[in-house]
Amino acid sequence: MEEANKKESAKELQKMVRMHLQLFDSLGCGLMAYTIPEHKMLVLNEEAKKIFHFYDKEHAKFADVLRYNIFPEDQSCVMQVSAKLRHVGDSVHYHFRAMREDGGNVKVSCETKLLEFEDGQKAILSIMKDVTE
């Protein structure tokens, strides 16, 4: 009986996550989350994929997104600002430019927060908005 409850809870959680991802997509917000210290990608919604033109999230690491999609001049800023996240609940707001497939760029406003799950795993959650004019 307990195993059946766990499976049902997992299904409900997956359904809720899908609904939240759709909500963020409909609002035009990119959502990216990755574990620390491993930097394993947990979530990269459709809007974030558009921002980064980065579609292979299964094996992605944050370093890949940073290295290949954020302007080189902005990469150190992103890392410096993110380094300010020291305590669970800390958040930072910053802007950066991501490269488009056509060679142009996307100006992005980003809110990033340090989270901790019940099992003690920590993660970085970033909510992004394309603010290109």
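Rounded if a/c is under 1.5, else prolate if a/b is larger than b/c, else oblate: which is the range 28-130, with a ≥ b ≥ c the root eigenvalues of its Cα gyration tensor? Note, shape of the range 28-130 comes out prolate. Under a 5 Å amide H cut-off, with hydrogens placed 1.01 Å from N, T132 pairs with K107 among residues at least 5 apart or on other chains.
Among the listed pairs K50/K129; K84/K107; K84/K129; K50/K122; K49/K122, those with a Cα-Cα distance over 19 Å are K84/K107; K84/K129; K50/K122; K49/K122. The phi-based Karplus calculation (6.51 cos²θ - 1.76 cosθ + 1.60; θ = phi - 60°) puts the 3J(HN,Hα) values of the range 120-133 at x, 5, 9, 8, 9, 10, 10, 10, 10, 9, 6, 10, 4, 9 Hz, whole numbers, x for Gly and Pro.
For the range 39-110, the relative contact order works out to 27 percent when only alpha carbon pairs closer than 8 Å and six or more residues apart are counted.
We did not get these values from a lab; they are worked out from the coordinates using the rules stated. This is a predicted model, so every value here is computed, not measured.
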